[in-house]
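In what follows, a single structure is set out as structure tokens and then discussed.
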Amino acid sequence: MLMVVSILLSACTGSGRTLTSATGTIYECLVVMNDEPLTADQRAALAQNSLYNNGSAYDEEVNSLSGLVRQTMEATMPCLPQAEPYFNLSIVSHAAFDDLLKPTRNILFVDINPERYTRVTPKQHSDYWSTPQAVYTIQAPDNASFVAWWQTNGERVRDWFVDREIQRQCRFLRAYTNEQARQQFQQRFSGDLYIPEDYMLIRDTLLTIDGKKTQFFWCCNNKGPMRKDLIIYSYPYTEADAFTAPALNRMRDLVVGAMIEGQVEGSHMGTEYRVIPPEYKEITLAQAADKEHPAIRVWAAEIRGLWKILDGEAMGGPYVSLTRLDEIHQQVITAETFIYASGQKKRNALRQSEAILYTLRLQQDLMPVDN
């Protein structure tokens with residue numbers, strides 16, 4: 001599986017230490033904590049908290065510290081056709097956390113000790129026992145303070161691990177890029193995007209959609225059982241509401257409806273609105289520096305949803321899109337990935353494809369790096 005690494009390999013950090021390569025697969029997390037039951041008052045408080053009372057891939061009653069962590073980390077990832085958790089967890093006690101487990105790629109370490117701590121303190125580490133590795137430590141003086149802190153910050157902890165996984169995949173993409181497709185993208189959009197080397201260019205065309213000149217760019221890995229597609233399209237920024245959910249959904253339907261046909265004559269791609277409606281949110285993308293680009297933080301509109309074929313065969317799957325404003329050319333640019341994997345779990349494949357979107361840089365971002 002992609003990104004699975006062997007404990008037999010080793011790597012050196014900038015400090016000169018030699019680290020074991022991380023073990024485990026993507027979107028797995030090891031939780032190290034000494035589990036204890038919650039009090040009746042804590043269970044009652046959780047029952048009133050909407051974050052812990054809205055359904056999850058982890059659907060057991062939360063009655064312990066580990067259950068509290070599971071409820072957040074194994075919450076159902078949004079807009080997938082079947083329930084899949086954000087992370088697959090393994091939980092061990094401090095005593096069981098030995099040298100064999102220390103190289104795990106993602107570790108959440110919860111240390112509750114009244115003799116050592118007076119307040120809750122979170123700490124983040126990269127490449128602590130292995131590489132690439134993400135370790136998040138939470139130090140707390142007692143169970144009650146940890147429970148209170150986690151209710152407020154648990155989702156941020158989960159998002160931190162998600163971001164670490166995405167950044168790892170982005171680094172992988174930089175090393176294994178289809179340079180021909182990348183260069184063609186650069187010419188069309190005056191920006192940059194790391195297109196995986198196993199993706200082929202299907203279509204690169206200029207058309208008119210809803211009266212707007214629209215540049216359309218489509219790549220695909222063309223692998224039947226786990227097909228991954230990438231589309232990018234841009235059009236003039238002329239309406240003040242261009243970045244609202246209704247406007248972006250409408251433009252998506254127009255573009256994919258015109259450009260992506262089904263196998264049945266007259267069929268085309270559309271969006272599922274009834275069963276699982278698309279979810280919109282505004283996000284800030286943090287893109288790390290590399291030898292070609294500086295580190296930046298940029299605003300984007302994210303939409304997660306399900307695509308389906310209209311007026312044809314029963315086909316569908318999840319998609320994710322990021323939309324940004326090209327300030328120099330006054331263009332709206334949307335980068336979207338969608339996958340088709342009938343009968344298979346889709347979380348890991350979608351997350352890997354989603355990382356491609358995070359490598360998008362527009363001309364305004366492409367400032368030279370000072371050496």
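A short reminder: the numbers here are calculations on the coordinates, not readings from a lab. Please read all numbers here as calculations on a predicted model, not as lab measurements. Ideal geometry is used to build each Cβ from the backbone, glycine not excepted, and the neighbour counts take in all protein chains shown.
Size descriptors for the range 289-356 (Cα atoms only): Rg and Dmax, in that order, 15.4, 47 Å. Considering only beta bridges that DSSP places wholly inside the range 18-170, some 30 percent are antiparallel.
Per residue, the average separation of C-alpha pairs within less than 8 Å and at least 6 apart gives the range 83-137 a relative contact order of 36 percent.
Among the chymotrypsin sites (Phe, Trp or Tyr not before Pro) found in the range 224-283, those both in a DSSP coil and sparsely packed, with 14 or fewer other Cβ atoms within 10 Å of their Cβ, are Y273. Within the chain, antiparallel bridges make up roughly 80 percent of the DSSP beta bridges whose residues both belong there.
Taking N as the residue count of the range 93-158, its C-alpha radius of gyration divided by 2.2 N^0.38 Å amounts to 1.16.
Looking at the range 313-371, the GluC sites (Glu not before Pro) that sit in a DSSP loop and have at most 13 other Cβ atoms within 10 Å of their own Cβ are E313, E327. Short-range pairs are left out: with C-alpha atoms under 8 Å and at least six residues apart, the relative contact order of the chain is 14 percent. Once the other residues with Cβ under 13 Å from the Cβ of S93 are scored (Lys, Arg +1; Asp, Glu -1), what is the net sum? My count for the surroundings of S93 gives -4. The alpha carbons of the range 39-194 give a radius of gyration and a Dmax of 19.2, 62 Å, in that order. Qualifying chymotrypsin sites (Phe, Trp or Tyr not before Pro) in the range 116-177, where qualification requires a DSSP coil assignment and no more than 12 other C-beta atoms within 10 Å, comprise Y176.
Per residue, the convex hull spanned by the Cα atoms of the chain measures out at 167 cubic angstrom.
Quick note on the range 109-210: its Rg to Rh ratio, both from C-alpha atoms and Rh being the Kirkwood radius, is 1.25.
Across all Cα pairs in the range 257-310, the calculated P(r) in 5 Å bins from zero up to the longest distance comes to 5, 16, 15, 14, 13, 11, 11, 10, 5, 1 percent per bin. Where only DSSP H runs of four or more residues are counted, the chain gives -7500 deg cm²/dmol as its mean residue ellipticity at 222 nm, each run worth -39500 (n - 2.57). Among N106, P141, A96, flag the residue with its Cα farthest along the positive direction of the charge dipole of the range 77-175, charges on Cβ as +1 for Lys/Arg and -1 for Asp/Glu. In the range 77-175, that residue is N106. Computed from the C-beta positions of I202 and D311 and an R0 of 22 Å, the FRET efficiency is 0.55 to the nearest 0.05. A cut-off under 12 angstrom between Cβ atoms defines the neighbours of T323, and their net charge, with Lys, Arg +1 and Asp, Glu -1, is -1.
Computing FRET efficiency as 1/(1 + (r/R0)^6) for E261 and T137, where r is the C-beta to C-beta distance and R0 is 45 Å, gives about 0.30. Convex hull of alpha carbon positions in the range 195-319: directionally averaged projected area 9.6 nm². Net length available on complete extension from D210 to Q184 is 6.8 nm, with 0.36 nm assigned per residue and the Cα-Cα distance removed. FRET efficiency for the M367 to R171 pair, using the beta carbon distance and R₀ = 25 Å, is estimated at 0.80. Across the range 177-327, C-alpha contacts under 8 Å between residues 6 or more apart give a mean separation that, scaled by the residue count, equals a relative contact order of 13 percent.
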